[in-house]
Structure formats: C-alpha cells, structure tokens
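First the structure, in the form of structure tokens, and then the observations on it.
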Amino acid sequence: MMEPSEGLRLEENLDPQDWEAMRALGHEMVDEMMTYLQTVRDRYAWQPMPEAVKAQFSEPIPYEPEGAEKAYEDFREYVLPYPSGNIHPRFWGWVMGTGTPLGMLAEMLAAGMNPNLAGGDHAAAYVEEQVLNWFKVLMGFPEDASGLLVSGGSMANLVGLTVARNAKAEYDLRREGLGAAPRKMMLYSSSETHSSNQKAVELLGLGSEALRKIAVNEDYQVDIQAMDAAIAEDRENGYLPFCIIGNAGTVNTGAIDNLNGLADICEREDLWFHVDGAFGAVAALSRDLKPLVGGMERADSLAFDLHKWVYLPFEAGCVLVKHEEQHRKTFSLTPDYLTHTDRGLGGGAKWPSDYGVQLSRNFRALKAWMSLKEHGVLKYGRMIKQNVEQARYLANLVDTTAELERLSPVPLNVVCFRYKAQGLDDERLNEVNEEILLRLQESGVAVPSYTTLNGKYALRAAVTNQRSRRDDFEMLVEEVVRIGGEVVEDL
Ligand SMILES: *Cc1c(COP(=O)(O)O)cnc(C)c1O
C-alpha cells in the first residue's frame with residue numbers, strides 16, 4: 001500500500017458540502033416552478049427584457065464561487081421573468097410545444113441519473129427502445145423498423161435523408177464520397193417543405209440545387225404531376241433521382257401532401273420516401289385525424305417532433321427507418337474503444353450511437369416514457385384533436401369578422417389571416433399587419449408569428465398548445481381588430 005500523499009487528502013468534489021441545504025434549495029425550486037406553471041396564464045406571454053437586465057449578461061467570469069443559493073437567485077431575477085413565452089396559453093408562434101409539469105420533473109430525474117445513451121446495457125437504453133417501439137406502432141411502422149430519439153425535427157430529417165442518400169447511391173458512398181458519384185443525385189419536395197430539409201441536403205454535400213422544389217396547388221400540397229415530370233426530366237438528363245420528401249403538415253399552412261400519391265411514385269421509380277411530419281405526423285395519435293396522414297406509414301423514413309405537438313419540453317424528436325440494416329450501415333462505426341460486448345455494461349442489443357450522428361446522448365426518452373404513462377396515448381390524441389378544433393374555431397372567428405381575412409385553408413392546426421382595411425393595397429396591408437404583430441407581441445397578450453403567402457404578410461397561429469382555451473382565440477381576434485384600428489389611424 002502506498003501512503004496517501006498530502007495532496008490527496010485535499011481532494012475536492014462538486015457535491016454540496018451541506019446536503020440538507022441543497023435539499024431545501026431543491027424543494028424551493030420545485031415549489032417555485034410548480035407555482036410558475038400553475039399561474040402562467042396570469043402573466044404576459046412575452047415581455048421585452050429591460051436593458052439593465054440584459055446588461056447582467058455581460059458580467060465578468062465568476063472565477064470565485066457565489067454558491068448555489070446566489071446562482072438560483074440570479075436565475076430568478078434575470079432569467080425566469082423573461083421567457084420565450086411558449087408555455088403560455090396564448091402562444092401560437094412558429095411551431096412550439098408548451099411542456100408539462102411532469103415533463104419538467106422527468107428532465108430532473110433524467111439529469112439526476114445522468115446516463116449516457118450512446119449504448120450499453122442499462123435501464124435507460126431499454127426505456128428509449130420501448131419509446132421507439134411505441135411510436136413504431138402509433139405511426140404504423142413495422143416492429144423490425146429502427147429508430148432514434150434526436151434533438152428535434154431538423155436532426156430527424158438529417159438522419160433520414162442521410163440513410164436515403166447512402167442506401168440509394170449506386171456505389172459505396174460512405175467510403176468513396178460524393179466525388180465518385182457516377183450521376184448527380186436528386187431529391188424532390190414541395191416548395192413548402194421546411195428549410196431543415198434543404199439544410200440537410202446541403203450538409204450531405206448534395207448541394208441545394210439537388211433538391212427540386214416542386215410547385216403546390218391552391219391547398220399548398222405538392223403538385224404530383226409536376227413532380228413526376230421533374231423526375232422524368234432529370235432522368236433524361238442523366239441524373240439519379242433518389243428521394244421524395246413528403247410533408248405531413250407544412251410549417252406555413254399545415255398542408256399535408258398526397259402521401260399515398262407520393263408513395264406510389266416512389267414505388268414505381270424506386271425512390272426513397274422520406275416524410276417530414278415534424279408536427280403533423282402525430283395526428284396519427286387521434287383516431288379521427290389519422291386518415292389525414294394516410295400514406296405516411298408507407299415512408300421509408302419518418303421524422304417527427306415530440307417537443308412540438310406531443311408537448312414535451314425541448315428537446316425531443318424522433319426518426320423511424322424501415323430498413324434497419326441500411327440505417328445501421330449509414331452510421332455505425334465501431335473502433336476498439338467502442339466495441340460492443342455480449343456481457344457486462346458494454347452489452348445491449350442495439351447501440352443508439354450506431355444509428356445517428358451523436359455518440360454521447362442524453363436521456364430524453366424518460367420524459368416521453370413517463371408522460372405517455374402519465375396521460376395515456378388516448379389523451380394525447382384528444383389534445384391534438386382539440387387543437388385542430390381550436391384552429392377551426394379561430395378560422396371561423398376570422399371568417400365571421402369583417403375586419404379580418406383568412407389567407408389559407410386550415411387542414412390541420414395552422415391559421416393564417418390578416419387585418420384588412422378598406423382602400424389599402426397589399427403593400428400597405430403588409431406594413432399594417434407587421435406592425436399589428438409587433439404591437440401584439442409587445443403587449444404580452446398573445447404571440448402568433450408571421451409568414452408570407454402569395455406576397456401577402458400573414459399573421460400565423462400554429463396551435464400546438466395544451467393550455468389554450470377557446471376564449472384565448474376570441475381574445476386574439478379582438479386584440480388584432482383593436483390594434484389594427486389603431487395602426488391604421490397612426491398611418
Ligand atoms: C419545426 C419543423 C422542423 C424542424 O424541427 P426542429 O424540431 O425545430 O428541429 C422540420 N419540419 C417541420 C415541418 C417543422 O415544423
């Protein structure tokens with residue numbers, strides 16, 4: 001035995017010196033966050049941050065300790081009062097989820113256990129596997145499909161499209177790279193497809209020109225005939241069409257492409273069928289809405305989010321792939337130090353790191369696992385349908401309010417509309433509506449976002465909020481009309 005050196009006796013760690021004090025602080029945090037969530041309706045949806053508060057974030061590096069209590073105090077004073085607002089019942093901007101109290105607690109439990117989901121034989125890996133198996137069933141995917149929980153829809157699209165590219169290349173793309181491609185590889189989507197898909201195509205080295213953005217019909221669904229023609233033209237030019245990206249819920253208007261029509265083309269043309277169902281895919285959780293996303297189950301890969309319309313706290317997305325071997329062959333790389341074993345902690349049937357970009361991965365599966373157990377999937381189906389009905393309710397309010405004009409159909413949960421005043425042309429109306437949106441957000445009453453449809457600036461509400469009530473939408477309409485009147489007067 002070696003004598004411990006003097007230095008060793010002074011070893012430090014990061015656990016609290018006073019566990020009871022930390023326990024008390026933890027209880028205080030839980031209490032305060034529960035009250036915060038319980039009373040969220042009483043506060044502003046969003047508030048600009050005062051300059052004095054912003055200045056706090058230029059404070060120098062804390063080389064010396066302030067302690068846990070002070071760190072929490074700083075959080076309470078400078079962070080907590082200025083949320084992005086998506087937990088509020090009148091937040092419908094972009095596409096965001098609200099989170100839930102149990103989701104918050106599950107994040108704490110996951111961080112407490114702090115497992116690494118790269119792989120291995122431990123309980124967290126089984127939790128993730130089970131969550132994936134549940135979603136395979138819910139999305140109509142076969143038992144032997146593979147899947148991965150990821151940060152969100154962007155990463156899910158990247159993973160799906162990477163498998164598509166490697167599976168459909170005419171050579172060993174992984175080894176030889178794109179430079180060896182005998183033919184330029186092409187993908188097809190609608191012009192309404194989310195930007196994360198283009199980003200993925202660019203990251204994959206294919207170049208954004210490889211993504212043919214096909215025109216949409218008046219319902220913002222891809223024009224299937226035009227897509228067919230583009231594929232035929234590319235073949236004639238010696239390119240290699242390899243993938244169609246279908247939309248189950250476009251970000252602008254919630255449009256759902258004719259997924260069966262796209263799946264038919266893919267079968268006929270031997271293309272990979274990827275579906276971006278970031279929020280729309282989970283319509284399948286509602287028996288009544290499921291037919292809307294019919295054909296989605298024919299996808300080779302499907303991307304969807306759990307932090308949008310499954311209301312889990314950020315981040316959580318999912319990708320399912322029908323060809324496990326292609327999926328694994330795309331990402332698996334096992335140097336000696338990662339070799340899987342038959343026994344011990346290095347065991348476990350499948351290592352998630354063989355199916356995606358990340359090696360170290362967090363335990364995001366726990367919040368999904370616990371939340372689905374908490375409420376049951378039927379409740380989620382009802383919540384999603386409720387949001388769709390609320391969107392239709394808002395659409396109807398818009399349609400029956402003289403000062404407002406709806407700008408797109410409402411097939412799902414997204415409503416686009418604008419304030420309209422007599423005698424103002426589109427250009428003027430665009431300015432007016434942009435100002436309405438900013439004043440509305442700054443008032444803290446409600447947070448819709450915006451988009452442009454056929455050159456018209458649209459106020460846009462995407463309803464993925466488990467806290468909204470019908471009267472919240474009534475308030476939105478009243479406020480838009482009221483602020484609209486003021487803005488026009490100020491012109
Ligand atoms: C939000 C969204 C994405 C991107 O998902 P993230 O979770 O934000 O990465 C992709 N596609 C659609 C249709 C989306 O709405």
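The values are calculated or read from the model by the stated rules, or taken from the named source; none is laboratory data. Remember, it's a predicted structure, so these values are computed and weren't measured experimentally. Don't worry about glycine lacking a Cβ; one is built from the backbone with ideal geometry, like all the others, and counts go over all protein chains shown. Only protein heavy atoms, including side chains, enter the accessible area calculation; ligands, DNA and RNA are left aside. Shrake-Rupley method; radii C 1.70, N 1.55, O 1.52, S 1.80 Å.
Output wanted: per-residue J couplings in Hz (rounded whole) for segment 284-290, from phi through Karplus 6.51 cos²θ - 1.76 cosθ + 1.60, θ = phi - 60°, x for Gly and Pro.
Once θ is set to phi - 60°, the couplings for segment 284-290 become 5, 6, 9, 4, 5, 8, 3 Hz.
Evaluate E = 1/(1 + (r/R0)^6) for residue 170 and residue 264, where r is the Cβ-Cβ distance and R0 equals 30 Å; express this FRET efficiency to the nearest 0.05.
In this case the efficiency is close to 0.80.
Rounded, prolate or oblate: which one fits segment 225-368, using the alpha carbon gyration tensor with axes a ≥ b ≥ c (rounded when a/c is under 1.5, else prolate when a/b beats b/c, else oblate)?
Oblate is the answer for segment 225-368, as a/c is 1.5 or above yet b/c matches or exceeds a/b.
I'd like the carbon and sulfur percentage of the solvent accessible area for segment 1-145, probe radius 1.4 Å, heavy atoms only, ligands and nucleic acids excluded.
The computed percentage sits at 58.
What shape does segment 1-140 take by its C-alpha gyration tensor, where a ≥ b ≥ c are the square roots of the eigenvalues and a/c under 1.5 counts as rounded, a/b above b/c as prolate, and the rest as oblate?
Here segment 1-140 falls in the oblate category.
Per residue and in cubic angstrom, what volume does the convex hull of the Cα atoms of the chain have?
197
How many percent of DSSP beta bridges within the chain run antiparallel, rounded to 5?
Once the DSSP bridges in the chain are tallied, antiparallel ones form about 60 percent.
Take the solvent-accessible surface of the protein heavy atoms, probe 1.4 Å, and return the percent of it on segment 207-257 that carbon and sulfur atoms account for.
Carbon plus sulfur share of accessible area: 42 percent.
Taking only DSSP H segments of four or more residues, each worth -39500 (n - 2.57), what value at 222 nm results for the chain once the sum is divided by all its residues, to the nearest 500 deg cm²/dmol?
-12500 deg cm²/dmol
Give, in nm to one decimal, the length gained when the segment between residue 337 and residue 420 is fully stretched (0.36 nm per residue of separation minus the Cα-Cα distance).
23.5 nm
Hey, how much of the P(r) for segment 383-491 falls beyond 17 Å, as a percent of Cα pairs?
48
With +1 on each Lys and Arg Cβ and -1 on each Asp and Glu Cβ, and nothing else charged, work out how big the dipole of the chain is about its Cα centre, in Debye to the nearest 20.
1400
Compute from the Cα atoms of segment 245-302 the Rg and the Dmax, the latter being the longest Cα-Cα distance, and quote both in angstrom.
10.8, 32
Place +1 on the Cβ of every Lys and Arg and -1 on the Cβ of every Asp and Glu in segment 32-153, take the dipole about the Cα centre, and give the residue among 72, 153, 113 whose Cα lies farthest towards its positive end.
153
Set Lys and Arg Cβ to +1 and Asp and Glu Cβ to -1, take the dipole of the chain about its Cα centre, and tell me which of 179, 103, 224 lies farthest positive.
Farthest towards the positive end: 224.
List the lysines whose alpha-carbon lies under 18 Å from that of residue 456, not counting same-chain residues fewer than 8 positions away?
420
With unit charges on the beta carbons (Lys and Arg positive, Asp and Glu negative) and the dipole taken about the Cα centre of segment 354-397, which residue among 396, 356, 368 sits farthest to the positive side?
396
Let me check I've understood the local charge: for residue 136, count other residues with C-beta under 12 angstrom from its C-beta, Lys and Arg +1, Asp and Glu -1. What total comes out?
Net of charged neighbours comes to -4.
Please report, in debye to the nearest 20, how large the charge dipole of segment 1-103 is about its Cα centre when each Lys and Arg carries +1 at its beta carbon and each Asp and Glu carries -1 there.
Around 980 debye, computed over segment 1-103.
A 19 angstrom limit on the alpha carbon distance is what I want to check against. Which of 290/350; 308/385; 329/350; 213/308 exceed it?
Among 290/350; 308/385; 329/350; 213/308, the Cα-Cα distance tops 19 Å for 290/350; 213/308.
Roll a 1.4 Å probe over the protein chains and send me the accessible area per residue for the chain in Å².
49
Rounded to a whole number, what % of the accessible area of segment 303-396 do carbon and sulfur atoms account for, probe 1.4 Å?
53
Report the chymotrypsin sites (Phe, Trp or Tyr not before Pro) located in segment 171-262 that are in a DSSP loop and have at most 12 other Cβ atoms inside 10 Å of their Cβ, or state none.
Counting only loop positions with at most 12 other Cβ atoms within 10 Å, the chymotrypsin sites (Phe, Trp or Tyr not before Pro) in segment 171-262 are 171.
If you wrap segment 112-232's Cα atoms in a convex hull and average its projection over all directions, what's the area in nm²?
Computed as one quarter of the Cα hull surface, the answer is 10.6 nm².
Any idea what the dipole of segment 211-353 comes to, in debye rounded to 20, about its Cα centre with Lys/Arg Cβ at +1 and Asp/Glu Cβ at -1?
That gives a dipole near 580 debye.
For every other residue with a beta carbon closer than 12 angstrom to the beta carbon of residue 260, add +1 if it is Lys or Arg and -1 if Asp or Glu, then tell me the sum.
Within the 12 Å Cβ shell, the charges total -3.
Write down, largest first, the equivalent ellipsoid semi-axes of segment 40-84 in whole Å, where each equals the square root of 5 times an eigenvalue of the alpha-carbon gyration tensor.
24, 14, 6
Ordered by packing density, taken as the mean number of other Cβ atoms within 10 Å over each peptide's residues, highest first, how do 112-122, 131-141 rank?
Output ranking for 112-122, 131-141: 131-141, 112-122.
For segment 261-309, which trypsin sites (Lys or Arg not before Pro) are both in a DSSP coil and crowded by at most 13 other Cβ atoms within 10 Å?
Loop-located and lightly packed - 287.
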